[in-house]
Amino acid sequence: MDPLVLYLFLLSFMALPDFLCLGAAGVKTFDWLKAQTGKSVYVPCFYSEEYRENVKYWSKGKKHFTVVRTDSPQRTHRVSIADNPARLVFFVTMRNLQDGDSDTYWCGVERERHSDIFASVKLEVAGVQDVRTESWVSAETGGSVTIPCHYDQKYKHHVKYWCRGYIWSSCSTVVRTDSPQRRGEVSITDHPNRLLFTVTMKNLQEKDSDTYWCVVEIVGGQDVGTFLPLKIMNDSKVQIRNQGVTGPDAFNALQSTLTSTGIRSHTDGGVVPSSTSIEDTPTAAKPLWLALLVILGLLLLLLVAVVMGTAFMLRKQKGAKAKSRETLSSSPHTPTTDHELTYSIILHQKPAAQREINQPSASPEDAVIYSTTV
């Protein structure tokens with residue numbers, strides 16, 4: 001294999017863990033958030049203890065254009081950032097959201113002697129639709145949450161359900177308002193007079209972290225729903241607890257809990273994630289899928305490098321054989337007219353006993369044989 005190709009491949013493979021592992025371990029946020037046009041969204045970025053004093057920032061797009069930083073600037077016209085080292089989290093508030101604000105954003109932590117670490121969140125800005133809930137919910141392990149799902153009047157008598165999974169078309173129904181209304185630590189209750197159904201989850205564990213859906217069933221048509229990311233943090237100081245309140249007052253209790261823990265409401269002055277239909281659901285993969293695609297790309301690069309290296313070696317061997325045959329064909333095996341002729345004389349003499357001492361060493365009678373030497 002070409003040494004340069006091999007070196008570039010190994011270099012890219014060695015750089016992969018720093019991108020995937022360090023960023024994932026040092027900073028965490030939600031994969032995907034949705035907010036309403038004209039409203040605000042409040043995004044939490046959790047980080048490890050070792051980065052308590054580091055500068056944090058919020059950037060946008062594939063090129064990581066920095067919008068705000070915890071040192072300067074902390075605020076622009078519509079975006080602000082605030083660090084809370086005591087709770088190991090910094091918050092980003094985006095106000096008066098517009099359709100153009102839909103993009104991929106990055107929670108970043110600056111490191112002086114190493115590359116920065118970051119976590120991405122996809123923000124989708126849309127208008128108000130038929131089913132609404134919180135932008136996100138976070139809780140600690142062992143805790144409980146009650147999640148409010150609001151719907152329009154026309155769905156008052158429809159069946160509602162709670163579904164788990166990043167992709168709606170493949171999510172798994174957990175509980176329904178018809179049956180079953182309870183499964184394990186999860187239950188659902190409809191409050192048609194308030195146009196609200198609530199989902200309560202108890203004894204939460206880290207494995208419960210996922211994307212969930214508030215969904216209204218449409219008989220003979222496409223169901224309507226909206227998603228909610230749920231993040232369960234081990235020993236997190238940023239948490240939401242239900243405080244044992246269920247039913248119609250759960251939404252107010254949820255907001256009170258946010259205030260008591262120093263976190264404002266996820267809706268932050270009225271942000272209401274819009275609902276969506278199955279065909280509107282993004283089909284983007286989770287970060288794990290992205291990592292698999294990167295690894296497959298590297299393996300494909302390795303395969304191409306091996307093929308190119310093999311082809312190069314075969315061409316080299318073929319060229320060497322051709323050159324060898326050319327050399328052999330031009331070697332002088334037979335004389336040509338261009339070669340110089342050399343003559344030698346061979347004398348056949350009689351024995352000393354048969355000739356006289358004074359006889360000359362050669363006489364005209366001696367036989368002369370001519371030979372040609374090439």
Tell me which residues, restricted to the stretch 312-322, are among the aliphatic types (A, V, I, L, M) and at pLDDT below 80. Ala320, Ala322
Residue check for Ser179: exposed (fewer than 14 other Cβ atoms within 10 Å of the Cβ), at pLDDT below 95 and of a type in the set (Gly, Ala, Ser): yes
Scan of the stretch 32-54 for residues that are touching a Pro at 6+ places or on another chain (Cβ under 8 Å), outside any loop (DSSP other than H, G, I, E, B) and surrounded by fewer than 13 Cβ atoms within 10 Å (Cβ to Cβ), ordered by number: none
When residues of the stretch 124-161 are filtered for being in a strand (DSSP E or B), aromatic (Phe, Trp, Tyr) and touching a residue at least 60 places away in the same chain (Cβ under 8 Å), how many remain? 1
Can you pull out the residues in the stretch 189-205 that are outside any strand (DSSP E or B) and on the phi < 0 side of the Ramachandran plot? Pro192, Asn193, Arg194, Lys202, Leu204, Gln205
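Condition check ((1) hydrophobic (A, V, I, L, M, F, W, C); (2) over 26 Å from Met94 (Cα atoms)) across all residues:
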residue	(1), (2)
Leu123	yes, no
Cys163	yes, yes
Val175	yes, yes
Arg182	no, yes
Trp213	yes, no
Working only within the stretch 120-136, note down all residues that are within 19 Å of Lys231 (Cα to Cα) and either buried (at least 22 other Cβ atoms within 10 Å of the Cβ) or not small (Gly, Ala, Ser) (or both). Val121, Lys122, Leu123, Glu124, Arg132, Thr133, Glu134, Ser135, Trp136
I need the full set of residues from the stretch 99-108 which are modelled with pLDDT of 95 or more and of a type outside the set (Gly, Ala, Ser), in order please. Asp101, Asp103, Thr104, Tyr105, Trp106, Cys107
Quick one: Asn234 ticks every box in (1) closer than 18 Å to Ser172 by Cβ; (2) surrounded by fewer than 20 Cβ atoms within 10 Å (Cβ to Cβ) bar one, so which box is it? (1)
Here the residues within the stretch 55-112 that are within 26 Å of Ala126 (Cβ to Cβ), hydroxyl-bearing (Ser, Thr, Tyr) and in a loop (DSSP other than H, G, I, E, B) are Thr76, Ser102
Inspect the stretch 60-68 for any residue being at pLDDT 95 or above, over 26 Å from Val128 (Cα atoms) and crowded, with 16+ Cβ neighbours inside 10 Å and give the result as yes or no. yes
Take the residues of the stretch 162-188 that are among the hydrophobic types (A, V, I, L, M, F, W, C) and outside any strand (DSSP E or B): which is nearest to Asp130 (Cα to Cα)? Trp168
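The values are calculated or read from the model by the stated rules, or taken from the named source; none is laboratory data. These figures come from a predicted structure and were not determined experimentally. A quick note on method: Cβ atoms are made from the backbone with ideal geometry, for glycine too, and the neighbour counts reach across all protein chains shown.
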